[in-house]
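The values are calculated or read from the model by the stated rules, or taken from the named source; none is laboratory data. Quick caveat: nothing in here was measured; it's all calculated off a predicted structure. Backbone-built Cβ (ideal geometry, glycine too); neighbour counts: all protein chains shown.
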Amino acid sequence: MIKIKKGIPLYDQFDKNGFWGKVFGSSFIPETLFQPLEDLTKTFEKLRKNKKFLKERDEMYAKFIGRPTPFFKLNNLSKYLGGAQIYAKHEAMANSQSHKLNNALLHCLIAKYMNKKIVVGDTGAGMAGSGLAMAAAATGLKAIIFQGEKDYLRQAPNSMRMRLLGAEIHVVKSGSRQLVDAVSESIRYFVANCDKVHLAVGSSVGPNIYTRICAYAQSVISKELKKQIKEEFGKIPKNLTLVAAVGGGSSSLGFWMHMIDTGAKLIGCEAGGPAKYKNKHAAPLTYGSKLGILHGAAQYVMQDKNFQIAETDSVSAGLDYPGCSAIHSWLKQQKAATYVAPSDESALEAFKLCSRLEGIQASLEPSHALAHVCKIAPKMKKTDKIITLICGNAMKDFGIIAEKLGVKI
Ligand SMILES: Cc1ncc(COP(=O)(O)O)c(C=O)c1O
């Protein structure tokens, strides 16, 4: 087992074969992608050190996305639960209402630098797609987005948003018609058109370079957070727990990246699915899925008894994914983070509570993290602190929430 090193961002701790912890990640790709990914890797390494490029990125992060996103105490929820003090990093305040724009914008800036006019991406909940459509509009590129039919329908406000932003939407009708199929189709499209288009994978998954670019882009969350924590408390407090939702794993990795050396406890919340069915979920880490390969990277991934990718089930389209980032797989193997799987029902309850007590309507993905916060906070001491990442706004989910609550709209 390869141990996590201190002082080096996780996205840079892969070996010469592209693996994190020797077995997670790397690039399982067709031969035709070898050169395009080599070119992308070289460009990314150059741009990370290019002051002009970083200045342009930082200006757009500030002016277009609205960074830094706020960090504050959830006073009413803390009082109501009566244990640990609860804080939020409110990433849903970003233009686009989620963290996905951080990654999408970086990809569009890289694509422009590489003289590509088209960006292609995947989306489940429609947040990565909306982010890519927005970033493409702002940088003068064309966006082509793949979304599974089930998600296209259940996340209709975002599907509409993408269209209005000028993106070309491809509705995927194969497989489970969810995120996993959308990612597969976007990669397929890229394989056939890699000379003209730039692939922007929506989470920290995929071949090594895509996992890396996304984790690097999202690490802006914890970079800001560390500063905000120091401003709030004067130092990094002891007894700190960071709770975030985990789908592909990009928001949680971004939220943890610069906090990993602080001794904070890290808890990732996967989708537990409907409470009454034990085997319906999207929680490969929590339920000990075996190592497998999905979307060009080795990771813990849900598989059936014939080693085929298993179907998932979650009320939250953004968490409804059978795999997880190679970096999360490594964190799990190293016991550097723990993973839990709150149910659909508990996420809905947490959504309602946070909405009513705090005036914050977290989408169903971060509501899974809020559900776990509601579970653990009352058992913790008043001197303990929890920070949760609210990485999405619920506007996209009101159709699902109304249906679950039996309300007609
Ligand atoms: C709002 C929101 N949060 C979280 C996720 C999960 O993805 P990730 O784990 O990459 O942050 C998604 C995915 O679509 C999302 O839309």
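Structure notes:
- When SER367 is tested against (1) over 24 Å from LYS79 (Cα atoms); (2) outside any strand (DSSP E or B); (3) not basic (Lys, Arg), exactly one condition is not met: (1).
- Number of the exception - LEU240 against (1) under 27 Å from LYS55 (Cα atoms); (2) away from the ligand (no atom under 16 Å from the Cβ): (1)
- Of residues in the range 263-300 being touching a strand residue (DSSP E or B) at 6+ places or on another chain (Cβ under 7 Å) and of a type in the set (Val, Ile, Thr), the one surrounded by the fewest Cβ atoms within 10 Å (Cβ to Cβ): THR286
- The range 234-246 residues that are assigned by TED's automatic domain parsing to the domain that holds GLU270 and surrounded by 17 or more Cβ atoms within 10 Å (Cβ to Cβ), paired with ones that are aromatic (Phe, Trp, Tyr) and part of a strand (DSSP E or B) (beta carbon under 7 Å, 6 or more apart): VAL246/TYR339
- Some residue of the range 183-192 being among the β-branched types (Val, Ile, Thr), closer than 18 Å to ILE65 by Cβ, in contact (Cβ under 8 Å) with a residue 40 or more places away in the chain and within 16 Å of the ligand (Cβ to nearest atom): no
- Within the range 78-102, tally of residues that are surrounded by 23 or more Cβ atoms within 10 Å (Cβ to Cβ) and either more than 16 Å from the ligand (Cβ to nearest atom) or free of Cβ contacts under 8 Å to residues at least 24 places away in the same chain (or both): 2
- THR383 vs. criteria among the hydroxyl-bearing types (Ser, Thr, Tyr), farther than 19 Å from GLU270 by Cα, in contact (Cβ under 8 Å) with a residue 40 or more places away in the chain and away from the ligand (no atom under 14 Å from the Cβ): yes
- Residue selected from the range 46-77 under the condition part of a loop (DSSP other than H, G, I, E, B) and either in contact (Cβ under 8 Å) with a residue 60 or more places away in the chain or among the β-branched types (Val, Ile, Thr) (or both), by the criterion surrounded by the fewest Cβ atoms within 10 Å (Cβ to Cβ): ARG48
- Note on the range 103-134: residues that are within 18 Å of PHE64 (Cβ to Cβ) and either part of a loop (DSSP other than H, G, I, E, B) or more than 16 Å from the ligand (Cβ to nearest atom) (or both) amount to 7.
- Residue among LEU405, LEU370 that is of a type in the set (A, V, I, L, M) and crowded, with 20+ Cβ neighbours inside 10 Å: LEU370
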